[in-house]
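Student: Before I ask anything, let me first share the structure, which is written out below as structure tokens.
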Amino acid sequence: MSVAMLPLRAENPEQEKTLVSWKEIASFLDRAERTVKRWEHERGLPVHRIPGGERGGVFAYPSELRAWLLAEQGNEAPNGPDLEGDPFLESGKPAAIQDHVAAAVSAEPPISQNERADGATQFAVKRRWVAWMTPPALLLGLAGAVFLSSQLDRNTTAAHETEKTPTVAGSHVSSARAEELYLQGRYEWSLRTADSLAKAVDDYTQAIVQDPAYAKAYAGLAECYDLLPEYGGIDRSEAFSRAKAAADRAIELDPNLAAGHRAKAFAMFYGDWDAPGSDGEFRKAIALAPNEVETHHWYATTLFSRRERSQSLAEIDEAAHLNPTNPAILADCAFLHVKFNDKREANIRTLRELARTQPTLVKASRYLEDIDLDDGNYEAYLVEIRQAATISHNPDESALAAASEHGWERGGVHEMFLAIRDLQQALYGRGGRTGYELALAYVRLGQPLAALRYFNAALENRDIRMMWLQSCNCSAEVRTNADYIQLFRRINETMHQTTPPSDLAVTTRPEKLTFPPAERQSR
């Protein structure tokens, strides 16, 4: 059966269904969610947690809940004094009303199937992820994968030991259900949208619930966290911390699993700027599985950010050779060649063809947006930025498209750059932006000294685009200013390298401004 044809959440009628949310646990016990949450803390209700910490997902085994209920009998029974203070249960209102009211104050509101199917609601998915990534959750989430495994190793029931089939390297065997969930997660992950990544995390997590020693599921979970900052708008530092925790667990379970090393390498580079450490993990992954296309793909994009021209192009070409039909890889391949001035026009044509034939592939339009802006093709830039915003449903991207259009209509290039600067100033003031976009807006207006403070802020926030800053054709003032020279030195030190790469090729004419694109070229 192909991955695309796999059924979603097909249950084995011979196995008792694991309860995978507070709502299901509350329904099983015929109580309100607030009550069962209180029982967990006050009475030791046997509830287990998936990666995400206190406000993340939970699951429970019906057999353990029944045993707990029996143990409570004869003491202060759950349906006795413990219900005090729960107005919904005391009033005798139907469980459906209780669930509705409890859902209104839940930390993780449910997302309906219709909502998931609507691309315009992808940012509702983002809000759901933000609830997983609050600071209290992060403290537990950094070690969430390891915690989950230790809990499951102790509590996995006999039902999860049936239907064994070989799935990973070595002697480990995984259940057919876990394998099915893993394959479904892999398919969802490959779609690279906020909604599909949310589904993939759910699939991988349920696979881990079924088999806590399933290394590939942990690696898949890590790769989801690797991509969520780009496609789901999730905070980078928290997402990459979670990615490393899950990748470390995958490597602990199976040191020869290339995907675990690849996922860790990605998080080390984009999260920590640890270029040498990331390089070592990528090389391990390639040595373990030389033909795994995603390793070459991701390694190429980190080398691009490091401005290692020759090796970056070699790796992305290898990825395209291994999988010549993958639109995401073809888009990255074309873009890297453009930025390194290799067969530039042919690769721009490739990007335009991808934008035309792949209407859900947002990165093709984003790449063209950046190229057209750098080349001074402003009318084409306006078309591409509007197309990217239409695909992504990102409100900030839509606002940028509108500001660019209005500025252009008011007074051409200068007014457009003023409008972009004003919008970026507002977005930066609102929080959640590194400062890079605002700094770039000042540079485009010919004010590099005004941009300096925001570039410094972007470096403090580990914005990966700062690695390319010293390669831009900005102005002589940037090249000779002592503060910028100090900034370039700090960039290299943060990257753990003492000198900048020597094989960079300038990509555009000297009078044109060359900057890296928004943080989207990497995956």
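Quick note: the coordinates plus some simple rules give every number you see, no bench work behind them. What you are looking at is a predicted structure, and each value in this text was computed from that prediction instead of being measured. Positions of Cβ are backbone-derived with ideal geometry, glycine not excepted, and every protein chain shown enters the neighbour counts.
Student: Could you line up M466, M495 from fewest to most neighbouring Cβ atoms inside 10 Å?
Tutor: Ascending Cβ contact count within 10 Å gives the list M495, M466.
Student: Could you give each residue of the stretch 332-345 its phi-based ³J(HN,Hα) in whole Hz, using Karplus coefficients 6.51, -1.76, 1.60 with θ = phi - 60°, and x for Gly or Pro?
Tutor: Those phi angles translate into 5, 4, 5, 5, 4, 5, 4, 5, 9, 6, 10, 6, 4, 5 Hz.
Student: A further question follows. Counting other beta carbons within 10 Å of each Cβ, put K244, K264 in order, fewest first.
Tutor: K244, K264
Student: Once each part is reduced to its C-alpha centroid, what is the distance from the stretch 330-346 to the stretch 225-259 in angstrom?
Tutor: 28
Student: Pop the C-beta distance of V413 and A450 into the FRET formula with R0 = 25 Å and round what comes out to the nearest 0.05.
Tutor: The calculated FRET efficiency here is 0.85.
Student: Using the Karplus curve 6.51 cos²θ - 1.76 cosθ + 1.60 with θ = phi - 60°, work out ³J(HN,Hα) for each residue of the stretch 378-393 in order, rounded to whole Hz, and write x for Gly and Pro.
Tutor: 5, 5, 5, 4, 4, 5, 5, 5, 5, 5, 4, 5, 5, 6, 7, 6
Student: Which order do H296, H406, H337 fall in if you start with the one that has the fewest other Cβ atoms within 10 Å?
Tutor: H406, H337, H296
Student: Given R₀ = 25 Å, FRET efficiency for E460-A426 by Cβ-Cβ distance, to 0.05?
Tutor: 0.75
Student: What's the extension gain from I485 to Y378 if we count 0.36 nm per residue and subtract their Cα-Cα distance?
Tutor: Between I485 and Y378, full extension yields an extra 35.4 nm.
Student: Let me ask something else about it. Which whole-Hz ³J(HN,Hα) couplings does the stretch 292-299 yield from phi under the Karplus relation 6.51 cos²θ - 1.76 cosθ + 1.60, θ = phi - 60°, glycine and proline marked x?
Tutor: 7, 4, 5, 5, 4, 4, 5, 5
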